[in-house]
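Engineer: For reference, the structure I am asking about is given below.
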Amino acid sequence: MAKGLLEKILPADRHGIAIDIACILLNLFLFPFFNSRIALLFDRSFADEDSAIRTLSLLMVLLVGFRLGGLYLKRFPLQARIDGKDDSHFPQYFLIFNIPIILLTSAFALICFQMFLVDLGIITKQELNSPLFFGTGLALLIAVICLELWLLYRLRKPLTNKEKLLAEREHPLFNPKTEFLADFGLFVYLMIWQVFYNQIVALVLFPEHPENYSMSEQIRFFSVSLFVFLIPSFFIFYISPRTVFMIENRKDRRMLITIPLAFLSSIVPHLVSRLF
């Protein structure tokens with residue numbers, strides 16, 4: 001009975017709903033404790049402190065690896081499961097929101113690669129500004145961006161006859177463990193960006209010195225921050241990475257509840273801390 005009730009409440013593909021729930025819990029109980037550390041990391045990076053830049057850039061390299069590996073592996077079990085259903089196409093218009101986060105991640109990953117070359121003594125910091133290395137870095141940046149966009153587009157491509165044959169033979173690419181590995185990489189990518197998004201919320205939700213503003217001015221500041229900064233940032237840092245999990249359940253109305261709750265959960269801790 002309980003199992004039947006869950007099947008009615010939850011969609012057949014529960015990955016997206018589960019991620020929303022995980023995001024809500026992390027926003028409420030864990031991410032607020034990372035804000036000060038992330039702020040310090042950014043401050044040290046903007047101050048050109050090498051260790052902070054390396055840490056931030058290395059984190060972006062790991063993100064790129066999790067993202068690209070997850071996108072590649074996800075297609076095989078995903079397409080084997082949906083088998084060309086008409087209502088299981090990737091929402092292409094969300095590619096617009098993927099571009100900023102792809103640019104940001106790829107740029108930091110490129111910085112890490114360049115600093116790695118400097119540490120090895122292959123090049124000097126002065127040579128990084130030369131036209132040759134600038135052009136090479138730009139080419140690598142464009143290549144990573146194109147690769148991720150291609151992997152995103154490839155997710156909706158049905159399996160070839162050869163791939164269907166591999167699925168029938170229970171090839172490891174179609175194993176549930178493979179999909180779990182892909183989902184884990186995509187989940188880590190999404191959640192780490194949620195930590196950065198929470199930092200944006202902490203920075204722009206309220207004025208820096210609220211005692212200098214009247215209540216009406218603070219409400220006006222909150223409203224502007226909400227619609228100008230936070231909602232677009234939420235689309236970029238949460239909705240765009242989550243589109244991978246909308247392929248199977250993008251028409252599920254339950255997302256109209258879980259996604260707004262994920263957004264609200266990123267704001268509530270900051271409101272509570274300011275009020276109390």
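The values are calculated or read from the model by the stated rules, or taken from the named source; none is laboratory data. Everything numeric here is computed off the predicted structure, so don't read it as measured data. Cβ: placed from backbone, ideal geometry, glycine included. Neighbour counts: every protein chain shown.
Engineer: For residues in region 196-216 being outside any helix (DSSP H, G or I) and either among the hydrophobic types (A, V, I, L, M, F, W, C) or surrounded by fewer than 12 Cβ atoms within 10 Å (Cβ to Cβ) (or both), which is modelled with the highest pLDDT?
Structural biologist: Here the residue is Leu205.
Engineer: With (1) surrounded by fewer than 16 Cβ atoms within 10 Å (Cβ to Cβ); (2) free of Cβ contacts under 8 Å to residues at least 60 places away in the same chain as the list, and Tyr153 as the residue in question, which single condition is left unmet?
Structural biologist: Tallying (1) surrounded by fewer than 16 Cβ atoms within 10 Å (Cβ to Cβ); (2) free of Cβ contacts under 8 Å to residues at least 60 places away in the same chain, Tyr153 fails exactly one: (2).
Engineer: Which one of Ile219, Ile231, Ile257 is within 23 Å of Ile102 (Cα to Cα) and in a helix (DSSP H, G or I)? Break it down into steps so the answer makes sense when it comes.
Structural biologist: Numbers: Ile219 fails: within 23 Å of Ile102 (Cα to Cα); Ile257 fails: within 23 Å of Ile102 (Cα to Cα).
The conditions single out Ile231.
Engineer: Output yes when any residue across region 232-245 is out of contact with any helix residue (DSSP H, G or I) (no Cβ under 9 Å at 6 or more places or on another chain), closer than 26 Å to Arg67 by Cα and aliphatic (A, V, I, L, M), and no when none is.
Structural biologist: Checked against the condition, which is being out of contact with any helix residue (DSSP H, G or I) (no Cβ under 9 Å at 6 or more places or on another chain), closer than 26 Å to Arg67 by Cα and aliphatic (A, V, I, L, M), region 232-245 yields no hits at all.
Engineer: State yes or no: is Ile24 in a helix (DSSP H, G or I), under 24 Å from Leu271 (Cα atoms) and at pLDDT below 80? It would help to see each step written out before you state the result.
Structural biologist: Working: in a helix (DSSP H, G or I): yes; under 24 Å from Leu271 (Cα atoms): yes; at pLDDT below 80: no.
Judged against the criteria, Ile24 is not a match.
Engineer: Which number in (1) among the aliphatic types (A, V, I, L, M); (2) in contact with a helix residue (DSSP H, G or I) (Cβ under 6 Å, 6 or more places away or on another chain); (3) at pLDDT 85 or above marks the one condition that Leu147 misses?
Structural biologist: Answer for Leu147: the failing condition is (2).
Engineer: Hey, another quick one. Restricting attention to region 144-162, which residues are in a helix (DSSP H, G or I) and either more than 16 Å from Leu68 (Cβ to Cβ) or over 19 Å from the mean Cα position of the chain (by Cα) (or both)?
Structural biologist: Asn161, Lys162
Engineer: Under the condition of being among the aromatic types (Phe, Trp, Tyr) and buried (at least 17 other Cβ atoms within 10 Å of the Cβ), which residue from region 169-195 is nearest to Val61 (Cα to Cα)?
Structural biologist: Selected residue: Tyr189.
Engineer: Taking only region 234-254 into account, find how many residues are hydroxyl-bearing (Ser, Thr, Tyr) and either part of a loop (DSSP other than H, G, I, E, B) or within 22 Å of Ala202 (Cα to Cα) (or both).
Structural biologist: 2
Engineer: Taking Gly185 as the residue in question, decide whether it is in contact (Cβ under 8 Å) with a residue 12 or more places away in the chain and farther than 30 Å from Leu28 by Cβ. Before the answer, list the steps.
Structural biologist: Values: in contact (Cβ under 8 Å) with a residue 12 or more places away in the chain: yes; farther than 30 Å from Leu28 by Cβ: no.
Here the answer is no, as Gly185 does not meet what is asked.
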